[in-house]
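To start, the structure under review is shown below, and the notes come after it.
The values are calculated or read from the model by the stated rules, or taken from the named source; none is laboratory data. Quantities reported herein were computed from a predicted structural model and do not represent experimental measurements. All Cβ positions, even for glycine, are placed from backbone atoms using ideal geometry, and neighbour counts span all protein chains on display. For the accessible areas, the whole protein counts, side chains as well, though only heavy atoms, and no ligand, DNA or RNA atoms are used. Shrake-Rupley method; radii C 1.70, N 1.55, O 1.52, S 1.80 Å.
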Amino acid sequence: MSNIADTLRSTYESGTTRSLAWRRHQLEQMNKMLTENEAAFLEALRTDLGKPAVEGFITDIAFVTGEVETMIKKLKKWNKPERVGTPMFNMPAKSHLVPEPLGVVLVIAPWNYPVQLLLVPAASAIAAGNCVVMKPSEVSAATSALLGQLVPKYMDPSAVSIVEGGVPETTDLLSQHFDHIFYTGNGTVGRVVMAAAVANLTPVTLELGGKSPVIIDESADLRVTARRIAWGKWLNAGQTCVAPDYLLVAESKQDALVEELRKAIGEFYGADPHLSDSYGRIVSPRHFDRLESLMAGGTAAIGGDTKSDERYIAPTVLVDVDPESQLMSEEIFGPLLPIIPMKSVADSIAFINARPHPLALYVFAENKNVVSNVLARTTAGGVTVNGTLMHLTNPNLPFGGIGESGMGGYHGKAGVRLFQHLKPVLTRGTKIDPSIAYPPYTDRKAKIFRRVL
Ligand code: NAD
């Protein structure tokens with residue numbers, strides 16, 4: 001690991017990555033890697049997660065190529081010094097913010113969107129002018145192996161490196177000196193990463209998870225609500241950091257909502273979702289066992305069936321939920337959807353505010369006052385109103401958490417800025433150099449200062 005870090009550091013110091021042409025070429029190569037090997041990527045995602053090809057294409061291929069294309073298009077603009085105002089007392093002078101790369105960056109990714117969550121931060125770091133070490137998750141082993149084989153073929157190995165492995169390899173990497181660490185995964189390991197970063201005062205971005213709630217007001221359009229929740233929840237079999245974790249529904253609407261969810265599941269995945277080509281699988285037997293045991297926290301109103309040999313868990317809606325159960329105390333990160341009836345939106349807000357800040361929050365309501373009340377009185381990493389997941393697909397909205405759900409945001413320009421220091425530069429002219437600015441401090445000068453400052 002220290003050889004890798006040393007190689008990248010000397011490349012960084014050579015100035016190679018400062019060239020915009022070099023950055024553009026690396027970004028083009030990343031997209032070439034994805035398009036030329038699309039079939040192999042989709043196959044690896046199917047092996048790891050039973051990911052339907054369309055889902056794999058949208059979330060792990062097109063999402064990345066789209067972000068990277070924007071970075072290529074905006075490369076010059078986003079890396080130009082930004083002129084800012086200069087106060088009178090500095091004159092004559094000009095002021096700029098000069099975007100500078102940070103140096104050598106480490107990106108550690110999880111297994112649920114194993115291409116997107118590794119390559120989008122890595123591309124942002126490259127567009128910003130850094131060298132990068134990428135560490136894919138060992139849990140999505142087939143995708144990790146494919147990336148491990150392809151990245152060195154397509155990208156400059158003296159500046160962009162990939163290290164496969166699990167805890168020992170990551171621990172070893174974390175003992176090296178990086179200029180930024182970008183970690184996506186759970187909060188327990190997030191704390192390990194942050195503790196390791198202390199040694200070198202390395203800044204960290206933590207993209208974590210948590211229980212993302214959905215408020216369903218009595219004014220909501222239940223058919224659209226159910227379809228949008230079903231899509232966001234059962235995409236990737238619920239293994240999405242911003243998937244709806246639980247529903248807080250107006251109690252008068254619970255039964256109707258369950259029926260609409262039943263219809264949506266039927267439309268999306270057929271009468272037996274196990275036979276559907278559009279429904280994924282749980283990533284590993286360990287994760288399957290955890291989810292199966294979480295089901296004890298409620299009663300299955302829809303689904304509930306499992307097949308351990310295939311790591312299949314049906315889209316499942318749980319009612320009569322025990323608020324003290326593990327189902328309601330840890331992030332579900334799978335296809336189980338508990339519903340809790342609520343007497344009022346105020347009660348739903350209080351329920352959410354009694355828990356750590358979520359990564360995402362969703363509110364479904366036709367009543368605009370309900371929406372503004374929820375927005376004003378809750379805190380979350382991001383929000384989609386009358387929808388799920390979609391806020392993270394707009395590159396103009398930085399994506400990230402707050403508190404227990406993480407720190408720092410990326411995507412689009414925010415992602416590139418995350419891996420840069422905006423260096424303030426004040427450039428003064430020399431034609432005028434009034435002596436009022438210098439000692440000795442006479443009474444006359446003091447009076448002038450008091451007037452103009
Ligand atoms: P994971 O098990 O793949 O771990 C993530 C990374 O951490 C892996 O690369 C792994 O090798 C490394 N790691 C694991 N243990 C480590 C240790 N002790 N020391 C150093 N590194 C270690 O993935 P996970 O954590 O199970 O991912 C699921 C979590 O990630 C969920 O909480 C989910 O909400 C969150 N997540 C967040 C986002 C986001 O963008 N905010 C996206 C996806 C997932």
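Is one or more of the residues making up the range 49-70 among the aliphatic types (A, V, I, L, M) and farther than 30 Å from residue 273 by Cβ? Yes, there is a match, as at least one residue in the range 49-70 is among the aliphatic types (A, V, I, L, M) and farther than 30 Å from residue 273 by Cβ. Residue 18 meets the stated requirement of being assigned by TED's automatic domain parsing to the domain that holds residue 129, open to solvent by 30 Å² or more (accessible area, probe 1.4 Å) and touching a strand residue (DSSP E or B) at 6+ places or on another chain (Cβ under 8 Å). In this structure, residue 40 does not qualify as part of a helix (DSSP H, G or I), in contact (Cβ under 8 Å) with a residue 24 or more places away in the chain and touching a Cys at 6+ places or on another chain (Cβ under 9 Å). Please tell me if residue 189 is open to solvent by 30 Å² or more (accessible area, probe 1.4 Å), within 18 Å of residue 240 (Cα to Cα) and touching a strand residue (DSSP E or B) at 6+ places or on another chain (Cβ under 8 Å). Against the criterion (open to solvent by 30 Å² or more (accessible area, probe 1.4 Å), within 18 Å of residue 240 (Cα to Cα) and touching a strand residue (DSSP E or B) at 6+ places or on another chain (Cβ under 8 Å)), residue 189 qualifies.
The listed residues are 106, 118, and the only one of them that is in the same structural domain as residue 30 (by TED's automatic domain parsing), within 12 Å of the ligand (Cβ to nearest atom) and in a strand (DSSP E or B) turns out to be 106. Looking across the range 302-325, the residues that are assigned to a loop (DSSP other than H, G, I, E, B), without any contact (Cβ under 8 Å) to a residue 60 or more places away in the chain and farther than 15 Å from residue 246 by Cβ come down to 303, 304, 305, 314. Residues that are open to solvent by less than 50 Å² (accessible area, probe 1.4 Å), on the phi < 0 side of the Ramachandran plot, touching a residue at least 60 places away in the same chain (Cβ under 8 Å) and assigned to a loop (DSSP other than H, G, I, E, B) within the range 132-186 comprise 139, 140, 155, 156, 158, 159, 163, 176, 178, 179, listed in sequence order.
Kindly establish whether residue 23 is in contact with a helix residue (DSSP H, G or I) (Cβ under 8 Å, 6 or more places away or on another chain), buried (at least 24 other Cβ atoms within 10 Å of the Cβ) and modelled with pLDDT of 95 or more. It is true that residue 23 is in contact with a helix residue (DSSP H, G or I) (Cβ under 8 Å, 6 or more places away or on another chain), buried (at least 24 other Cβ atoms within 10 Å of the Cβ) and modelled with pLDDT of 95 or more. All but one of (1) crowded, with 21+ Cβ neighbours inside 10 Å; (2) over 28 Å from residue 3 (Cα atoms) hold for residue 259, so report the exception by its number. The number of the failed condition is (1).
Starting from residues that are of a type in the set (A, V, I, L, M, F, W, C) and outside any helix (DSSP H, G or I), keep the ones in the range 187-204 and report whichever is nearest to the ligand (Cβ to nearest atom). Here the residue is 204.
Taking the criterion of being under 19 Å from residue 266 (Cα atoms) and either within 16 Å of the ligand (Cβ to nearest atom) or touching a strand residue (DSSP E or B) at 6+ places or on another chain (Cβ under 6 Å) (or both), the residues of the range 282-318 that qualify are 300, 301, 302, 303, 304, 306, 313, 316, 317, 318. Does residue 388 meet the test of being among the hydroxyl-bearing types (Ser, Thr, Tyr) and free of Cβ contacts under 8 Å to residues at least 60 places away in the same chain? Spelling it out, it is not the case that residue 388 is among the hydroxyl-bearing types (Ser, Thr, Tyr) and free of Cβ contacts under 8 Å to residues at least 60 places away in the same chain. The set of residues in the range 298-350 being open to solvent by 50 Å² or more (accessible area, probe 1.4 Å), polar (S, T, N, Q) and under 29 Å from the mean Cα position of the chain (by Cα) consists of 326, 329.
Evaluate the range 58-79: report whether one residue or more is out of contact with any Lys or Arg (no Cβ under 7 Å at 6 or more places or on another chain), part of a strand (DSSP E or B), farther than 19 Å from residue 179 by Cβ and touching a residue at least 60 places away in the same chain (Cβ under 8 Å). No, the conditions are met nowhere in the range 58-79. On the given criteria, is residue 97 part of a helix (DSSP H, G or I), surrounded by 14 or more Cβ atoms within 10 Å (Cβ to Cβ) and not aromatic (Phe, Trp, Tyr)? In short, no.
Of the residues that sit in the range 195-251 and are in contact (Cβ under 8 Å) with a residue 24 or more places away in the chain and at positive phi, which one is surrounded by the most Cβ atoms within 10 Å (Cβ to Cβ)? Only one residue fits best here, namely 237.
Return a yes/no flag: does the range 212-228 have any residue that is within 12 Å of the ligand (Cβ to nearest atom) and either hydroxyl-bearing (Ser, Thr, Tyr) or in the same structural domain as residue 344 (by TED's automatic domain parsing) (or both). Yes, there is a match, as at least one residue in the range 212-228 is within 12 Å of the ligand (Cβ to nearest atom) and either hydroxyl-bearing (Ser, Thr, Tyr) or in the same structural domain as residue 344 (by TED's automatic domain parsing) (or both). Residues in the range 392-414 that are within 12 Å of the ligand (Cβ to nearest atom) and either touching an Asp or Glu at 6+ places or on another chain (Cβ under 8 Å) or outside any loop (DSSP other than H, G, I, E, B) (or both): 392, 399, 400, 401, 404, 405, 406, 407, 408, 409, 410, 411.
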